[in-house]
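First the structure, in the form of structure tokens, and then the observations on it.
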Amino acid sequence: MKKTGLLLVMMSLGTFVFAGTAREDADNRLENSAQVMHEIMNAPDKGIPQEVLEHAKCVAVVPNMLKGGFVLGGSHGKGVATCRTESGWSAPAFFTVGGGSAGFQIGLEGVDLVMIIQNEKGMQRLIASKFQIGADASAAAGPVGRHASADTDWKLATEILTYSRAKGAFAGITLDGVSIRRDDDSTRAVYGRKVSTAAVLSGKVAAPSSARAFLASVTAAKAVAQAN
């Protein structure tokens with residue numbers, strides 16, 4: 001009986017430590033994502049165009065995604081997303097990024113990734129527990145600058161516009177083969193219960209205080225783009 005009781009205590013402590021670590025990881029991700037949005041939008045002539053932000057249904061950020069490897073290129077990271085609702089931007093949903101394209105690459109490179117989901121169909125992909133860019137959802141490298149081209153192909157042809165920043169350079173990026181999955185550990189750690197991605201992104205779940213900076217950075221991005 002004593003051994004059983006000790007085992008239960010150890011398991012409880014392990015669960016508590018894991019939950020604390022997952023919450024810290026999620027909070028750091030929100031903070032870093034806010035910083036990424038702030039820095040990108042304040043780069044002269046190198047931000048996300050005003051027209052793209054005005055048209056955005058959702059915004060997703062993966063701070064410091066790792067790309068690279070030997071023989072096979074790959075990527076891995078953890079991100080956070082918010083979608084537009086009638087009352088503003090939704091509470092954040094957490095996801096992971098994995099996979100990549102074939103090719104010879106050496107070394108690892110930290111890349112900040114931003115995805116602009118352009119329509120309801122793209123949002124439904126994000127709500128799904130898993131989807132693959134290129135196979136399940138259409139995506140293209142997004143236009144960069146103060147304003148997007150008058151050509152509306154970027155708006156009509158794709159569900160997701162993708163951007164990356166590496167070593168200070170910001171540009172559109174292609175992500176064919178990359179998989180997006182729901183991050184259950186971070187979701188439970190932040191919201192304290194099992195909540196669906198649909199409930200979070202539709203505005204039915206209150207945003208945690210740790211998300212304020214990230215949501216403010218997304219809200220401010222449009223104002224910055226208009227000012228530029």
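Against the definition (crowded, with 24+ Cβ neighbours inside 10 Å, modelled with pLDDT under 90 and among the hydrophobic types (A, V, I, L, M, F, W, C)), how does Leu126 come out, yes or no? Give the steps one after another, and end with the answer.
Numbers: crowded, with 24+ Cβ neighbours inside 10 Å: yes; modelled with pLDDT under 90: yes; among the hydrophobic types (A, V, I, L, M, F, W, C): yes.
So Leu126 passes the test.
Taking the criterion of being on the phi > 0 side of the Ramachandran plot and at pLDDT 80 or above, would at least one residue in the range 151-158 satisfy it?
The first filter runs over the range 151-158 and keeps only residues on the phi > 0 side of the Ramachandran plot, leaving none.
No, there is no match, as no residue in the range 151-158 is on the phi > 0 side of the Ramachandran plot and at pLDDT 80 or above.
Given the condition within 20 Å of Leu126 (Cα to Cα) and at pLDDT below 95, answer yes or no: does some residue in the range 13-27 qualify? Don't jump to the end; show me each part of the working.
Pass one, the range 13-27, residues within 20 Å of Leu126 (Cα to Cα): 26.
The next check asks that each one be at pLDDT below 95; those that pass are 26.
Yes, the conditions are met somewhere in the range 13-27.
Pull up the range 194-216, narrow it to residues that are in contact with a Pro (Cβ under 8 Å, 6 or more places away or on another chain) and part of a helix (DSSP H, G or I), then point me to the one that is nearest to Val36 (Cα to Cα).
Looking at residues that are in contact with a Pro (Cβ under 8 Å, 6 or more places away or on another chain) and part of a helix (DSSP H, G or I), I get Phe214.
Pairs only if they're at least six apart or on different chains, beta carbon under 7 angstrom, first in the range 199-223 and under 30 Å from Ala43 (Cβ atoms) and in contact (Cβ under 8 Å) with a residue 40 or more places away in the chain, second in a helix (DSSP H, G or I) and of a type in the set (D, E, K, R); list them, first residue then second.
Sorted first by the residue in the range 199-223, then by its partner, the pairs are Ser210/Asp27; Ala213/Glu31; Lys222/Glu54.
The values are calculated or read from the model by the stated rules, or taken from the named source; none is laboratory data. Every value quoted in this text rests on a predicted model; they were computed, and no experiment measured them. Because the Cβ atoms are built from the backbone with ideal geometry, glycine has one as well, and the counts that use them run over all protein chains shown.
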